[in-house]
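Data first, discussion second: the structure below is written as structure tokens.
The values are calculated or read from the model by the stated rules, or taken from the named source; none is laboratory data. This one's a predicted model, so the numbers in the text were calculated from it and none came from an experiment. Ideal geometry is used to build each Cβ from the backbone, glycine not excepted, and the neighbour counts take in all protein chains shown.
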């Protein structure tokens, strides 16, 4: 039997403790499978005394994760602290600089400087594995980097944030946004400050990582167009249902003539497609390529155990001596990211307006859309306001729902700006992109 | 740049030619990604002169795949001939005996002697990769063997044969079995002799391979309980619809107290579950484990390009120097397969009988089920025979549909045997297992 693989685990929260439990619980099976044992020999966490439900006898304790990461006693540094800065970043850099392998679930760090970290790993003959950073237990990184590596991929899209999908699922069932968010918080799916999730930033970080691995480009976190779910209102979900759609917070990356489009926003997806049926905290990612056609993976996008499954998968690769470049190819051969401008995005649009109830308003709006070269699939003026907005509040507003044929973002934004400026509507127009799947 | 990886491809049918096209079309991208080129240097196929739509200039031609496989000029032997015997088997053995890497899509060969081949590969420091053997382009082997390797898996199930799923999907839309099969044949989904697909053997081979990789046991192809789809009748699909189910040909492997159950049969699955929605020739596999929870992969289960995607994925692993035991662990550490007897299978059952229209028949049947300790969820006597069996043909038969609560295969079979012997029914009872998902 070969030498044991010695792990140092930094961060003993839910995921960290699940990793320790998983490795211990399956120690014999893993040793038989791998021909060597995998041992947690050192840990680092903030509170030494805290009861974590598992004895950590015989495991050396380190107050400083950076010292643990760069020290001699370990082969693999498992970073489960989180965050793009501070000790998480410093400890990962220390481990890679010391030529060690790093396994991390840290999407924020990867999105911010994954390419630099991959270079650091290559320079020191270390390794960097991060399956757990995207999609929880779903092996999407391995699938893109290895299984589909021979394909030229054209598009990937997914539900990458379980919190948002939970909230949207509850809203579909009739709950307003605030109540759905509170329920997510009560169940531990959403943080006290939920903005990182609901504003779409978490999805954007994950998408930026996937884009790099899928398309062979440098990570471009700040080039992701991001729109969160807090503007989605119950009437949008009702309208989506009537139109044959569901609303999902999607992360989408796709090749276009002008570059790679990366966007995160609520999208209307056909009710019968696979991604529309993904409910609650489940995640799913679909990938399209020239030989594979279309492939979809779905499973638990978060949670200690599912995330630990991905972390341990990476550890097993390391125990087997598997060496694959972190981002699927040598960092030096990643192409620069060429950003497609969001203004050039093409697709159908759903638009909801509160139109002043006066002669000609409806016609004026239709005319402005036509002026912008936008062809309409439907324009519906509803005589009765939707449930959640009683008439006495909206005054003389008539809700109008417009669905366009394929057009450009630029055309829709331009038309809505003109309509708003002309004073025919109350408040801001609401626009949701329709995703052709 | 490292040495090129030299491939010999045996079998230039649809998949073989897709592999050649994929490697050529992506040659530059692959070289950049892998730091070495991947070249098809030799081929073997039956008819040299045939126009395959691609020039094979500069590639050496071998009439004998076995000589090609064991010869000096190649690093990787890609076997796409198919079949468990003959030159496919001999050439794979020759390549492994010569210490080469083998990539194959040959499920029949793997199911028949995968463990012996894995041993042969290990003995000569060769390698054996077979992602394309199961699920076409879906990376289920890699997922089980690598990504989920730290889990203790409890169950896997899937739709592993696109032909059967296509036929069942068409039958749901109202076509009788014969017409659906003919359509599958016309579209090239089913062979002239469709028995290997429709009798469930293809699914059984794939399931036996998956079981080994998932549970770490030896491959036990002959221990798979197999029942095909040719007995499924339109009235079963109508009844399924009414009961809230769909009928799918599933391959299921699961741990039980008495061993591992492997079975292939038409199953009623709840209409709203993910697997129920898999339509047409698409395949899907779901895996359940103690840390991952549940994960599902779906995509193209067959076709030249999708299968080539999996073959090339394996080739890329080899080009990167990735070494993983073929079945996920050293062949010597695979556990013997301990078979759970089908008689002990537990679940709900759907039973359809044609009962003689005479006093007491209905009661006699209910009594026999009760005698066998079977608790009924519903028993429905239909006054009007189902569409496809006009009354004048069935004489005085009354169709009766029974749905049981969870019981054992043994109990149901016993009760039906008694009922049949007592002469209260016409013909054979029809039984379809209900899968709890």
### Residue satisfying condition, being more than 8 Å from chain A (Cβ to nearest Cβ), surrounded by fewer than 22 Cβ atoms within 10 Å (Cβ to Cβ) and under 25 Å from residue B:346 (Cβ atoms), within set B:255, B:263
B:255
### Query
Going by the structure shown, is residue A:183 assigned to a helix (DSSP H, G or I), within 28 Å of residue A:241 (Cβ to Cβ), more than 14 Å from chain B (Cβ to nearest Cβ) and more than 18 Å from the chain's Cα centre (by Cα)?
yes
### Query
Is there a residue in the stretch A:427-436 that is outside any strand (DSSP E or B), within 24 Å of residue A:273 (Cβ to Cβ) and modelled with pLDDT under 95?
yes
## Note on the structure
Filtering the stretch B:311-325 down to residues that are touching a helix residue (DSSP H, G or I) at 6+ places or on another chain (Cβ under 9 Å), more than 7 Å from chain A (Cβ to nearest Cβ) and over 13 Å from residue B:149 (Cα atoms) yields B:311, B:314, B:315, B:319
#### Entry: Qualifying residue in the stretch B:117-134 (condition: buried (at least 18 other Cβ atoms within 10 Å of the Cβ), closer than 25 Å to residue B:254 by Cα and free of Cβ contacts under 8 Å to residues at least 40 places away in the same chain)
no
### Task
Kindly indicate which of A:229, A:219 is touching a helix residue (DSSP H, G or I) at 6+ places or on another chain (Cβ under 8 Å), crowded, with 24+ Cβ neighbours inside 10 Å, more than 14 Å from every other protein chain (Cβ to nearest Cβ) and more than 23 Å from residue A:132 (Cβ to Cβ).
A:229
### Query
Is the stretch A:255-274 home to any residue that is in contact (Cβ under 8 Å) with a residue 40 or more places away in the chain, under 24 Å from residue B:272 (Cα atoms) and more than 18 Å from the chain's Cα centre (by Cα)?
yes
### Summary
Apart from one, (1) away from chain A (no Cβ under 14 Å); (2) in contact with a strand residue (DSSP E or B) (Cβ under 7 Å, 6 or more places away or on another chain) all hold for residue B:113; the odd one out is (2)
## Note on the structure
All conditions in (1) assigned to a strand (DSSP E or B); (2) crowded, with 24+ Cβ neighbours inside 10 Å; (3) within 14 Å of chain A (Cβ to nearest Cβ) are true of residue B:154 except (2)
### Enumeration of residues in the stretch B:120-140 that are under 21 Å from the mean Cα position of the chain (by Cα) and assigned to a helix (DSSP H, G or I)
B:131, B:132, B:133, B:140
### Task
Answer with yes or no whether residue A:364 is more than 14 Å from every other protein chain (Cβ to nearest Cβ), more than 30 Å from residue B:292 (Cα to Cα), assigned to a helix (DSSP H, G or I) and in contact (Cβ under 8 Å) with a residue 24 or more places away in the chain.
yes
### Query
So which residues in the stretch B:127-151 are more than 29 Å from residue B:434 (Cα to Cα), within 14 Å of chain A (Cβ to nearest Cβ) and in contact with a strand residue (DSSP E or B) (Cβ under 7 Å, 6 or more places away or on another chain)?
B:127, B:129, B:130
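Yes/no matrix, rows are residues, columns are (1) under 19 Å from residue B:306 (Cβ atoms); (2) surrounded by 15 or more Cβ atoms within 10 Å (Cβ to Cβ); (3) modelled with pLDDT under 95; (4) touching a strand residue (DSSP E or B) at 6+ places or on another chain (Cβ under 9 Å):
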residue: B:20; (1), (2), (3), (4): yes, yes, no, yes
residue: B:24; (1), (2), (3), (4): yes, no, no, yes
residue: B:31; (1), (2), (3), (4): no, yes, no, yes
residue: B:37; (1), (2), (3), (4): no, yes, no, yes
residue: B:41; (1), (2), (3), (4): no, yes, no, yes
residue: B:46; (1), (2), (3), (4): no, no, yes, no
residue: B:50; (1), (2), (3), (4): no, no, yes, no
### Query
Does the stretch A:75-90 include one or more residues that are away from chain B (no Cβ under 14 Å), over 26 Å from residue A:329 (Cα atoms) and touching a strand residue (DSSP E or B) at 6+ places or on another chain (Cβ under 7 Å)?
yes
### Task
For residue A:15, state whether it is within 14 Å of another protein chain (Cβ to nearest Cβ), touching a residue at least 60 places away in the same chain (Cβ under 8 Å) and closer than 16 Å to residue A:317 by Cα.
no
### Flag if residue A:5 is in contact with a helix residue (DSSP H, G or I) (Cβ under 9 Å, 6 or more places away or on another chain), in contact (Cβ under 8 Å) with a residue 40 or more places away in the chain and more than 11 Å from chain B (Cβ to nearest Cβ)
yes
### Task
Determine the pairs where a residue that is more than 28 Å from residue A:182 (Cβ to Cβ), located within the stretch A:218-245, has a partner that is assigned to a loop (DSSP other than H, G, I, E, B) with Cβ atoms under 7 Å apart, the partner being 6 or more residues away or on another chain.
A:218/A:334; A:218/A:336; A:218/A:337; A:220/A:337; A:223/A:337; A:244/A:271
### Query
Of (1) facing chain A (nearest Cβ under 9 Å); (2) over 21 Å from the mean Cα position of the chain (by Cα); (3) at pLDDT 95 or above, residue B:295 satisfies all except one. Which?
(2)
### Query
Which of the following residues is under 26 Å from residue A:264 (Cα atoms) and either within 14 Å of chain B (Cβ to nearest Cβ) or more than 32 Å from the chain's Cα centre (by Cα) (or both): A:346, A:335?
A:335
### Query
Do we have residue B:143 as over 14 Å from the mean Cα position of the chain (by Cα), outside any loop (DSSP other than H, G, I, E, B) and in contact (Cβ under 8 Å) with a residue 24 or more places away in the chain here?
yes
### Summary
Per the filter on the stretch A:174-200, residues in contact (Cβ under 8 Å) with a residue 60 or more places away in the chain and closer than 13 Å to residue A:164 by Cα are A:189, A:200
### Query
Can you name every residue in the stretch A:232-251 that is out of contact with any helix residue (DSSP H, G or I) (no Cβ under 6 Å at 6 or more places or on another chain) and crowded, with 21+ Cβ neighbours inside 10 Å?
A:232, A:236, A:239, A:240, A:245, A:248, A:250
### Condition met for residue A:99 (within 14 Å of chain B (Cβ to nearest Cβ) and either modelled with pLDDT of 95 or more or surrounded by fewer than 24 Cβ atoms within 10 Å (Cβ to Cβ) (or both))
no
### Task
Spot the failing condition for residue A:270; the list is (1) at pLDDT 95 or above; (2) more than 14 Å from every other protein chain (Cβ to nearest Cβ), and only one is missed.
(2)
### Query
Exactly one of (1) farther than 18 Å from residue B:7 by Cβ; (2) within 14 Å of chain A (Cβ to nearest Cβ) is unmet by residue B:124. Its number?
(2)
### Task
Of the numbered conditions (1) without any contact (Cβ under 8 Å) to a residue 40 or more places away in the chain; (2) surrounded by fewer than 24 Cβ atoms within 10 Å (Cβ to Cβ); (3) farther than 30 Å from residue B:250 by Cα; (4) touching a helix residue (DSSP H, G or I) at 6+ places or on another chain (Cβ under 8 Å), residue B:84 fails exactly one; give the number of that condition.
(3)
